[in-house]
Amino acid sequence: MPQVPTTTTIIYIARVTPEVLPFESSEAISSTMRNPLALGGLYISKSLEYSIDTRTLTQGILLSTTLIANASESDFFSEYTTSTTVTFTSSVTNGTIPANAKVLTSTSEESSSYVSSSAEVIAQADTIALVSSYPVTSTSNSSSIATSAAQISSVRYTNSSKSGYSSYSSENSSYISQSLAYSSEVESSSLESSTISTSAAPQNVSTVSSSIISESSSSLSPVFFAFAAPVMALVTVSNANGFTGDIFQPISTAKTTLTFKRQNLPLALPAGATNDGQPYQTNKFYSNLFLGPQTDTVYAQPFNLAFVKSGYYGFGVQRTIASRRVFGTQNTNNPSSASYYFNPIHLNEMIVSATAFTSGIKMHVSVMRVMSVNVKLSTNGDISANYVEIPIVQGMGFVTSIYHGNLIPQINSGVGFSKLAQESSSTLNKANLLRYRATLFNGVQYLIYVKIPSGQSISSFKLSVSNNNKIVGSKAINGLIIQYAIAATAAHNTYYDEAAGMYPTQCNIKATGNGGTSADYQFNYVTSGKSISGRPVVFLYPHHVESLKSDTKSYNTGMTLTSTTKGDMKGYVINNINLSEKLNTNVQFLPWTQSVGSKAITYTAAQLKTIAAAANSELSVDIKTLVMSQNSNYYSGKVLDKFAYILFVVNDIIGDQKLAKSLLATLKDTFAQFRNNKQYYPLMYDTRYFGITSTCNNNGDTGADFGSGYYNDHHFHYGYFIHAAAIIGYVDKKYGGTWAKDQQPWVNALVRDVSNPSTSDPNFPVFRMYDWFSGHSWAAGLFASGDGKNEESSSEDYNFAYGLKLWGKVTGNKRMESTGDLMLAVSARAMNKYMLYTSTNKVEPSQILGNKVSGIFFENKIDYTTYFGSPDKNPEYVHGIHMLPITPASSLIRGPAYTKEEWNSQISKFLSKVNSGWTGILRLNQALFDPKSAWNFFSASSFKSSWLDNGQSRTWALAFSAGVMNASS
C-alpha cells in the first residue's frame, strides 16, 4: 500500500522521566486443587467363558466366521460369531503376484470327520495371493474382478491331537452373505460402522501373521486351513462421514426438563452486568469484568485491558512487549530452564477516560458473546445519555472508544507521556480523521485516531496535553470516536490509516464441512463506523496464520504485535477470516497413533490371551457401587469411562459377546444413576447463567469437586461421561438396542452446556469452554483471575472433543461428529505451538522449551507446575496431567516426534522414581512412539495394579499398545 506524505506537529515534550518500578506475577499457584490419582487404582476380574476371536476388515478383505478347536476332551469344534484377526499387507506391484506366493482357489469342503486333503495349508508366515472370479456386488460382473482379487471365507485352528472335526457349516457362508447384504454401506463389528465401497479391480497379496486362541491353547498347533468362497467382497473403507454444509446448527432448542432441577447458582451478578436475556458466557476472556473486584485484566489480544477506578478513572490499555517478560525458576526438576514467565500488567499505558469521571465511575457490561463484550463507562451508572462505549473483540487491531452525550474526552497514562505529536495527511483529512502519536516514558508509541462525526470539521476538535499523565479533548462531541493502535513503521501505519474509523463490535464463528475430510471455519467480524478501506484491522495468532485460506492471506499487512503467551500476531485489514483444516478420520474407537495411519489393528493369539487375562482380573468388582462411591462427578466419570473402554475391548477386540452383553447391562444400569440424577453431587439447570452445572458448590464450598458448580472443568468432567455414553451406545447398537437414542436428551444436555454450536439454542451460551480464537478450551469458570483464564490439562480438553466426535457418530449426528473432528484438528495445531514444546518451537520463549510442556497455561502466564504438586518433587504430575487419558485421539495431538523428545529429555530421567498410578499413564504415553516397550511393560509378569490411575485399566493399556505395535511394525 503506498505511503501518504504526512505533516508532523510536536504538541508536547516532557522534561522529567518517572522511575521504573518492578513487577510481580499477579497470581500465585496454590496446591489446593485436584489430584487425579487421589482414589488409587482399581482391581477387577471376571472369567471369560468363551475363546477369543475377532472379525476384522484388513486391507480391503473381510473374513468370515472361524471354527476353533475346543480344548476340552470332546472331539468337537466350538463355533464363534466372529473371525480370526489376520494382518494383510498389500505387496502386489503392477498386478504381478510374487513367485513365492501361494495361490488359493476354491477347495473342497471339509467332511464331517476330517479336513479335506485338498485344502490349502497356510503357515503363519506364508505370503498368499488370493484368487477369485466371483462378482462381489449386484452391480459387478465376473469380468470386472481381477484374477488377483482376494476372498477368504474360513480359517480354522486345528487341534493336532484330535482326530475328529466338525463339519464345514453352510451357516458360515449365509451369515456373511447377510452381513454384507451386497450393499455399499455395511455395519461390521470391526468397521465401526464405516462406509464401505467395492473395489473394481483390487490386487492384494497378504501375509498371515496372527491366529485364534482358546482358554487352553497349548495343545493347538499353529496351522491354518483356508477355503475360498464366493460370498466375500473386496472393499475399501472410508471413515469420513460425508457431511457437507453448515456444521454449527443447533443440537436442540428445547428446554432441559429431564431430571435437572432449575435453580439459580448462588453467585450474584454485579450491578451493571446484564446480557439482554441471553445465556452468560462463564469461561471467556472477559469474565473478569463481572467477577470479583471487576478490575482484573481482560486479555483481548493483542491488547490487555482493565477497568481502572483508583488513582485514575476509566479503562486501561496496554500492549505486550517480549523484552518485558519476567522469567523465574522455582520448585522445578529443570533448573536450567525457566519454570515460569509472565507479562507485567496494570501498566495502564493509556487510560480511556472523560473529564467528568471520578472515583464514583460506574461500569456497565453487556452483550456478552462468544468472542466479544461491550463495556460502557458513566459517572453514575446511567447509560441513557452520557457514557463512553468500548466494544471489546478478540483480535481487534484498535481499542475503540465512542463518546456519547456531553462527555469531554480525556486520556490518562499510568506510565506518562513524554511526547505528543499530531500527524496529518490529505488522506486522513478527507476521511475526517485526526492522527496523533503519543510516546510514553517506557518508549512505547501509540497512534491515537480521532474520527470526527460527519457534518463537523476536523478543525473543530483537538487533543492537548495537560500534564505528563493527562491528555484532554477540546470539547464534547456526541458520536466522537477515539481509537488506539500500537505504532508501527511508517509504511505499516498506512494500514492503520486505511482501517481507522471502523471497529468490530462482535465476531461470529461459522464452520462448513467438506465431505467429512476437511472443514472450513470463519471469524466474521461485525463492524460499525466507516473506514477508508471499508474494513477493520485485526490480528491473528500463529496457528491461525498457518491455516489461512488464500483469500485471507492476501490481506496480510506485515504488521506484527506480540501476544501475552501465544507468540507474535499478524495484522490483516479484513472483515472475514477464512481458515481450513484437514480432518483425521482414522481416529475412531480402535487404538490408533500417527504411525498406524490407515492400517488395520490386529492382535496375535498370545496378545489376545494376555488381554483376556487382564480383563479376567479387572471385572470382579461391583462396578456400579465403585462408580457411585467416588463422591465426585469428575472421578465417577473417569471410572465409568474406564469400564466403557473395557467393554469395547471385550466386545470388539476379544469378541466375547456373552461377557460383553453382561458388562453392557451393568454399565447401562450404572449410567442410569446419573441419568436419574442420583449421584453424590446431582446436576441442576442454572437459571442465572444458563447451564447444566453441579450442585456441589451451592453450600458455599466453592472448591468442592474442583469448583465445577461454578463452571470449572466442565469439558473435563462431562467429556468422560460423553465418551462412555458413546461406547455404551456403540456396543448396544450392535445388539439391536436403542440405548443411545434413548439417552440423547441427557447426554446432549451435557454437550450443549459445554459446546452448544448455535445462538439458536437459547438455553446455553455458544461454546462455553472452547475458545475458537485461542485454539483450545479454558478450564477456569466463574473465578476472577489476575492472569486470566487457565488450562491445566490439554489432554482432558481434547478428550472432550474426541468424545463429542464419537457420540455424534453413534447417534448419527454428522454435524456433531464433524465439530469434534474440527476441534481436534484446531487443537492439535494450537497445542503444539503453545502447550507442547519440541526443540524446534519458534513461538514460545526459548527459556521454557526445555520443560517440554507448559504446565498451567494462563492467558498471561505459563507456569511449569500443577495445582496439586510441583515438579521438583513430582515431575510426573505436570507431564502426566497433559497425557491422561491415553486414547486413539492422543497421538493426533501428541505426535511421535514430540512424545519421543519429551520422553528422552524428561520422562526417562525421572521414571524410575515414579511408583504410583502415574506410572501407567507415563508408560501408556510411551506407546505413542514406542508401543513395543509399552506392551512389554504392561504385559510383564511383574506388573503391579498400583501403577494404574483410577481411570486407567490394564485391559485398555494392553489392547492399545499391542494394537498400535502390530500395525506400526
Average Cα contact separation per residue, region 457-589, under 8 Å, 6 or more apart, as relative contact order %: 22 percent
What is the distance in Å between the Cα centroid of region 249-289 and that of region 623-700? 25 Å
Counting other C-beta atoms within 10 Å, and keeping those with at most 12, which DSSP coil trypsin sites (Lys or Arg not before Pro) do you find in region 459-543? Lys475
When ligands, DNA and RNA are left out and all protein chains stay put, how many square angstrom of accessible area per residue does region 273-351 have with a 1.4 Å probe? 30 Å²
Which peptide among 932-939, 497-504 comes first, and what is the full order, when sorted by highest mean count of other Cβ atoms within 10 Å? 497-504, 932-939
Given backbone amide H placed at 1.01 Å from N, residues whose amide H is under 5 Å from that of Ile321, ignoring those fewer than 5 places away on the same chain, are none
Could you rank Glu901, Glu423 by how accessible they are, 1.4 Å probe, largest area first? Glu901, Glu423
Would you grab the residues whose amide H sits under 5 Å from the one on Thr527? Only those 5+ places off in sequence or on another chain, please, with H modelled 1.01 Å from N. Thr505
For a quick check: with amide H placed at 1.01 Å from N, whose amide H comes under 5 Å from Lys419's, ignoring anything fewer than 5 positions away on the same chain? Ala14, Thr439
Solvent-accessible area of Thr295, probe 1.4 Å, all protein chains present, reported in Å² to the nearest ten, please. 40 Å²
The answer for trypsin sites (Lys or Arg not before Pro) in region 634-687 that fall in a DSSP coil and have at most 11 neighbouring Cβ atoms within 10 Å is Lys678
Those lysines that a straight Cα-Cα span of less than 22 Å connects to Lys582, excepting residues fewer than 8 apart in one chain: Lys510, Lys549, Lys553, Lys599, Lys805, Lys809, Lys814, Lys833
Rounded Å value of the spacing that divides the Cα centres of region 764-788 and region 828-865: 18 Å
Over region 603-968, what percent of the accessible surface lies on carbon and sulfur atoms, probe 1.4 Å? 47 percent
Go through region 631-644 residue by residue and turn each phi into a ³J(HN,Hα) via Karplus (6.51, -1.76, 1.60, θ = phi - 60°); whole Hz please, and just put x for glycine and proline. 6, 6, 5, 5, 5, 4, x, 4, 5, 4, 5, 4, 6, 5
Taking Lys and Arg as +1 and Asp and Glu as -1, residues besides Lys451 with C-beta under 13 Å from its C-beta add up to +2
If we count every other residue with Cβ under 9 angstrom of Leu440's Cβ, Lys/Arg +1 and Asp/Glu -1, where does the sum land? 0
Can you give me the three principal axis dimensions of region 603-968 from its C-alpha atoms, in Å, biggest first? 55, 53, 37
When all protein chains stay in place, what accessible area (Å², nearest 10, 1.4 Å probe) is found for Tyr572? 10 Å²
DSSP-assigned coil residues among chymotrypsin sites (Phe, Trp or Tyr not before Pro) in region 406-489, each with at most 16 further Cβ atoms within 10 Å: none
Relative contact order computed over region 603-968 (Cα-Cα under 8 Å; 6+ residues apart), in percent: 15 percent
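The values are calculated or read from the model by the stated rules, or taken from the named source; none is laboratory data. What you are looking at is a predicted structure, and each value in this text was computed from that prediction instead of being measured. With ideal geometry, Cβ positions are generated from the backbone for all residues, glycine too; neighbour counts draw on all protein chains shown. All accessible areas refer to the heavy atoms of the entire protein, side chains included, with ligands and DNA or RNA removed. Shrake-Rupley method; radii C 1.70, N 1.55, O 1.52, S 1.80 Å.
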